[in-house]
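Notes to accompany the following structure.
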Amino acid sequence: MATFAYKARDERGLLVQGNIEAATQREAMMQLDSMGYIPVSAKETGRSGSSSVDDFMLRFQRVKFDDLIFFTRQLRTVVRSAIPIVTGLRALAEQTTNPRLQKAVVAVSQDIDKGLSFSDALSKHKGVFSEIYVAMVRSGETSGNLEETLDRLSDLLEFQMKTRETIKSAMRYPVFVVITLISAFIVLVNVVVPKFAPLFKSAKIALPLPTQILLIINDIFQNYLGISLAILAALVVAFILYKRTEAGKYAIDVLKLKIPLIGDVILKTCMSRFAFTLENLVSSGVPILRTLDIVSRTVGNEFIAKKVLDISENIEKGHGIARPLKEAKIFPALVIHLISTGEETGALEDMLREISTHYDREVTYTVNRLSAYIEPILTVGLAGMVLFLALAIFMPWWNIMSAMRGAG
């Protein structure tokens, strides 16, 4: 089998292009004809080295939230207009600017032509369409309400993008300041300190502690920089490898929740994701056990994800949702109270929506408050670094001057 890049026209005369698997060019043309296309050309690419390289590089290209949201909203319009899904996907592929998403959409349309369901075709592209995306589309197919499901899905994607952007914008300034401080410190240690180090070391006086620390750092940079960088790189690699393990992810996520201020933001963000995702999946008709399994993968914290799975196990044993939530001892009282009320009154979706809205506001408020706290903390850190450098450089001079006066 080889891969052929084809160009063809659909029933409306629109030019469509993509890739197709076939043994020969003639077979590729016959496949296009059986799919309802008018073949224009089919060129073999499957054995081409450049194509393989392009496919490999395409895996590293990220599909942004904006691309996926725009595609989902266009797809909803296609479904609302009662246009055949395959025809709509081919038209959307031509309008998609992201190469990885475009290739995935073309492949999905081809798989549907071969007899796969829309959700099964999407599930073959996990790097583009997330598990929750596939699950909601599958529920929309099952219930026959795909249009409303796609509308909810686009709202969910917008919510996830908004939450991420809020946190990123709040951390942008602190990260910039920290990087600047570290860069300034490295420059001072490598440029300024070497000019004073020989004099301080040759002086027959007891050096102050800040100066001793600065000289040790200078020695490390001057004599052991390669070893230090190797050790640092090894520690970073070890941390990354540990973080990829289940035990590592779990331990780090538990630690994140205990960090002052930041832990509060993470918990509220997880609660907002939990409620919003749960409400959308329940409203879309996804079974509750399947819903909690998906929610556990989308909350963004392994510790809370395990608690969600524990809730799922309790529900399977015949318990409701509210009681396991309380036993988890991680969910705030507000979440437990509103879900309990929704469960008793049959208005669970409304209560989940209320929780999501509440914590959405709380995340924004807490992030803004965190930004207000970070600025003075960074100011104090900057002042501390300047003070340390000043004492480390000027205190020995004062001691040398004092010693000279005593000798005189």
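The values are calculated or read from the model by the stated rules, or taken from the named source; none is laboratory data. These numbers come from a predicted model, not from an experiment. A quick note on method: Cβ atoms are made from the backbone with ideal geometry, for glycine too, and the neighbour counts reach across all protein chains shown.
The figures follow:
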{"quantity": "Flag for Glu327 being in a helix (DSSP H, G or I), in contact with a Gly (Cβ under 7 Å, 6 or more places away or on another chain), charged (D, E, K, R) and modelled with pLDDT under 85", "calculated": "no"}
{"quantity": "Out of Val137, Val175, sole residue that is assigned to a helix (DSSP H, G or I), within 30 Å of Ile213 (Cα to Cα) and without any contact (Cβ under 8 Å) to a residue 40 or more places away in the chain", "calculated": "Val175"}
{"quantity": "Criterion: exposed (fewer than 14 other Cβ atoms within 10 Å of the Cβ) and among the small types (Gly, Ala, Ser) - qualifying residue of Ala135, Ala206, Ala121", "calculated": "Ala206"}
{"quantity": "Only listed residue being modelled with pLDDT under 80 and either assigned to a helix (DSSP H, G or I) or more than 30 Å from Leu352 (Cα to Cα) (or both), chosen from Lys204, Lys268", "calculated": "Lys204"}
{"quantity": "Among residues of the stretch 18-41, those that are under 17 Å from Ile112 (Cβ atoms) and either of a type in the set (A, V, I, L, M) or in contact with a strand residue (DSSP E or B) (Cβ under 7 Å, 6 or more places away or on another chain) (or both), counted", "calculated": "8"}
{"quantity": "Candidates Ser340, Ser356 - the one that is in the same structural domain as Pro208 (by TED's automatic domain parsing), buried (at least 18 other Cβ atoms within 10 Å of the Cβ), closer than 30 Å to Ala305 by Cβ and modelled with pLDDT of 85 or more", "calculated": "Ser340"}
{"quantity": "Test for Glu279: is it surrounded by fewer than 21 Cβ atoms within 10 Å (Cβ to Cβ) and either in contact (Cβ under 8 Å) with a residue 12 or more places away in the chain or touching a helix residue (DSSP H, G or I) at 6+ places or on another chain (Cβ under 8 Å) (or both)", "calculated": "no"}
{"quantity": "Those residues of the stretch 114-128 which are part of a loop (DSSP other than H, G, I, E, B) and either hydroxyl-bearing (Ser, Thr, Tyr) or closer than 23 Å to Ala82 by Cβ (or both), in sequence order", "calculated": "Lys114, Gly115, Leu116, Ser117"}
